[in-house]
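The structure under discussion appears below in the form of structure tokens.
The values are calculated or read from the model by the stated rules, or taken from the named source; none is laboratory data. Nothing here was measured: the structure is a model prediction, and the numbers come from that model. All Cβ positions, even for glycine, are placed from backbone atoms using ideal geometry, and neighbour counts span all protein chains on display.
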Amino acid sequence: MIPVPAPTAPVCPEAAAQVRLAVVHQDADLLVVNKPANLVCHPTKQEAWSSLIGRVRLYLGPGATPQLINRLDRETSGLVVLSRTRQTATELRRLWEQRAVRKRYLAIVHGVPSAPAGEVEAPLGPDPASAVAIKDTVRADGVPACTRWRRLQVVRRPEGMFSLLEVEPLTGRKHQIRIHLAHLGHPVVGDKLYGGDECLYLDFVRGRLTAEQRARLLLPWQALHAAELAFEWRGRAWHFRADPEPWFTEFLRNGQSPDGSGPGAGTLPGTHVAQPRGL
């Protein structure tokens, strides 16, 4: 694990109670953070702390021009890399475009895959049957997409059986992991769009999700976490890890093994804890 240098001092005291960043790594070229769920990467509101990039600008201070290298959906938590210089942005974006970055996610899914590991190779494209404009689906004329997965843990809860998967997207399509796991028959827990009833997503964005619908989702956010990034850059290996949030891990800890004898089979893989810093 790369040592985490001391962060820069807080630069916006008036926002200290509202803006927090979980910094995994920081140096003159890079800032790597562990994004929480329910935070957009790009601004959608006026408040600076309502987006990840806004929080980063507050954290780095006046004159900072951070650029997002990778992005996560609002509800997906985990590692996001930001450049602090134009040259760094150019170099790192080239790595992402060349698929020279290894990405590993953790996902809690409904049910238990019959095999311990596998690969989903299914092309993706717009879903013509959906009322949601951004929704994609598996379709024969779509763009190639491939996702590798392996089962890490199985838990039994009152709501049913669930599995923790380690997932590695070998391509980088929109919503790829969520679509492929749903296509496998094991949608991500809490996924409002690909969990089987897109009305949950529509009602959510319209602000009319009911208590009964929230209970059906089981979790407030989709249980998908970008846990690990690795790549070669400037003559050295870079490797970052970050833990999922408590609501994610508690869902697993509160379950039992399939035979009901104790905690769920398997363990959550050890990851680096990114502590909130600064503002």
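Of the residues contained in the stretch 131-151, one or more are found to be exposed (fewer than 14 other Cβ atoms within 10 Å of the Cβ) and charged (D, E, K, R).
With respect to A28, is the statement that it is part of a loop (DSSP other than H, G, I, E, B), at pLDDT 80 or above, over 19 Å from the mean Cα position of the chain (by Cα) and surrounded by fewer than 21 Cβ atoms within 10 Å (Cβ to Cβ) true? Walk me through how you get there before you give the answer.
Numbers: part of a loop (DSSP other than H, G, I, E, B): yes; at pLDDT 80 or above: yes; over 19 Å from the mean Cα position of the chain (by Cα): yes; surrounded by fewer than 21 Cβ atoms within 10 Å (Cβ to Cβ): yes.
Taking the combined requirement at face value, the residue satisfies it.
In the stretch 72-110, of all residues being among the basic types (K, R) and either part of a helix (DSSP H, G or I) or in contact (Cβ under 8 Å) with a residue 40 or more places away in the chain (or both), the one that is nearest to M161 (Cα to Cα) corresponds to R104. The numbered conditions (1) under 25 Å from L31 (Cβ atoms); (2) at pLDDT below 95; (3) buried (at least 18 other Cβ atoms within 10 Å of the Cβ) are all true for P276 except (3). Would you call G78 closer than 23 Å to E232 by Cβ and either surrounded by 15 or more Cβ atoms within 10 Å (Cβ to Cβ) or touching a Pro at 6+ places or on another chain (Cβ under 8 Å) (or both)? Taking the combined requirement at face value, the residue satisfies it.
Do we find a residue being in a loop (DSSP other than H, G, I, E, B) and either among the small types (G, A, S) or touching a Cys at 6+ places or on another chain (Cβ under 6 Å) (or both) anywhere in the stretch 172-186? Checked the stretch 172-186: at least one residue is in a loop (DSSP other than H, G, I, E, B) and either among the small types (G, A, S) or touching a Cys at 6+ places or on another chain (Cβ under 6 Å) (or both). As a summary of the residue check, D136 satisfies the conditions (1) touching a Pro at 6+ places or on another chain (Cβ under 8 Å); (2) over 25 Å from L79 (Cβ atoms); (3) among the charged types (D, E, K, R) except for the one numbered (2).
Filtered by the rule that a residue be charged (D, E, K, R) and surrounded by fewer than 18 Cβ atoms within 10 Å (Cβ to Cβ), the stretch 217-244 gives E232, R234, R236.
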